[in-house]
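Reading through the structure tokens given below for one structure.
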Amino acid sequence: MASNTDGQYIDIKRKKEVDLDELHNIRDIRHILYDEEDKMFYFLCGKKNGIIGFFLVSFNESDPHDYKYLTMWRHQLDIDDAHMAISRGTDKDGPFKELIISYKTIYINTFTVVTKDLSDDSDNIGVLSKHESFQLWESECNGILLNANKDFVSFNKSGM
């Protein structure tokens, strides 16, 4: 369970409860994604240790203490209208698994789409691509991944 201000991990079988924002010292939870295939949670947060930025943490569904930070960008700019999706498939190089993250950033008025490679099990999770476009902070926007053709569509009041 989570909101922008609080995240709770509840293990019903073991009757355990963990306060995720206290465990990871995170605030401003912007989006949560659960990967059913790999049994992993992904949290995108706007603050860690009181520092504003872009913080992406993952942990196994069975143990929130078994976590790692995939991204820690300390850029002192609030993010909002965040969305995450996982893209899986096979291309000419073999199977792939990617995490697509979109969000808008205050003051610089950008909507950013970042693609991270999750197919490598090592700690070398790199950014495959990053796209930025103009987006007013005051105007709501969103993005979705179309699974059929792997297109990512962003939209706001002005269109797509």
Query - Options LEU44, LEU128, LEU99, LEU118: the member that is in contact with a Leu (Cβ under 6 Å, 6 or more places away or on another chain), closer than 28 Å to ASN156 by Cβ and modelled with pLDDT under 90 - result: LEU118
Report task. For the range 21-55, name all the residues that are in contact with a strand residue (DSSP E or B) (Cβ under 8 Å, 6 or more places away or on another chain), over 21 Å from LYS97 (Cβ atoms) and aliphatic (A, V, I, L, M). Result -> LEU23, ILE26, ILE29, ILE52
Report summary line: Within the range 124-138, residues being assigned to a loop (DSSP other than H, G, I, E, B), surrounded by 10 or more Cβ atoms within 10 Å (Cβ to Cβ) and not aromatic (Phe, Trp, Tyr) number 3
Query raised in the report: Out of the residues in the range 20-36 that are in a strand (DSSP E or B) and acidic (Asp, Glu), which is nearest to ILE106 (Cα to Cα)?
Result: ASP28
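Only one of LEU23, LEU56 is of a type outside the set (D, E, K, R) and in contact with a Leu (Cβ under 6 Å, 6 or more places away or on another chain). Can you tell me which? Spell out the reasoning first.
Working: LEU23 fails: in contact with a Leu (Cβ under 6 Å, 6 or more places away or on another chain).
Testing whether each residue is of a type outside the set (D, E, K, R) and in contact with a Leu (Cβ under 6 Å, 6 or more places away or on another chain) leaves just LEU56.
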Report summary line: Here the residues within the range 72-91 that are among the basic types (Lys, Arg) and either touching a helix residue (DSSP H, G or I) at 6+ places or on another chain (Cβ under 9 Å) or within 19 Å of THR110 (Cα to Cα) (or both) are ARG74
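The values are calculated or read from the model by the stated rules, or taken from the named source; none is laboratory data. In this text, all values refer to a predicted model and were calculated from it rather than measured experimentally. FYI the Cβ positions are ideal-geometry reconstructions off the backbone, even for glycines, and counts take in every protein chain you see.
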